[in-house]
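Data first, discussion second: the structure below is written as C-alpha cells.
Just so it is clear, none of the values below were taken in a lab; they were calculated from the coordinates. Keep in mind the model is a prediction, meaning the values are calculated, not measured.
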Amino acid sequence: MVAVGLDHSTRTLYVGGLPPDMNSGDLGTLFRRFGDLLAARVVMRPSSNTCRGFGYVTFVSEAAARLAKQALDGFVIGDSRLRVAEAT
C-alpha cells in the first residue's frame, strides 16, 4: 500500500532501452537487488503485448533508487543498453 501524500519523484526511476520481451516481473527482478520496491511497470504495446522500450521502478528508499541508477544506467541486456534516470 502506498501512503497518500508521499513524494515518489526521487524514488521513481525511468528505465529506457528495454528489450521487446521485457515484462514488469523481469524489470522488478532486475532492480529488486538494490532495495525494496513499491512498483515496477513496463509500458506495453496493446496491439502486440510487447514492451514499448521503457518502464518505471519505484523504490521504498531514495538511497536504493540512487544506487540502482548508478549501477544500471548503461547496463546491457541482450542488444539493448539501459538508460536509467529519475522520472519526471
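For region 12-86, what's the relative contact order in percent, using C-alpha pairs closer than 8 Å and at least 6 residues apart?
Values: 151 pairs, mean separation 30.9, N = 75.
41 percent.
Would you calculate the volume per residue, in Å³, of the smallest convex hull containing every Cα atom of the chain? Don't skip to the answer; put the middle values down first.
Numbers: hull volume 8.3 nm³, N = 88.
Expressed per residue, the convex hull around the Cα atoms of the chain is 95 Å³.
Pairing the Cα long axis of helix 62-72 with the longest principal axis of the chain, what angle in degrees results, from 0 to 90 and rounded to the nearest 10?
Tilt of helix 62-72: around 30 degrees.
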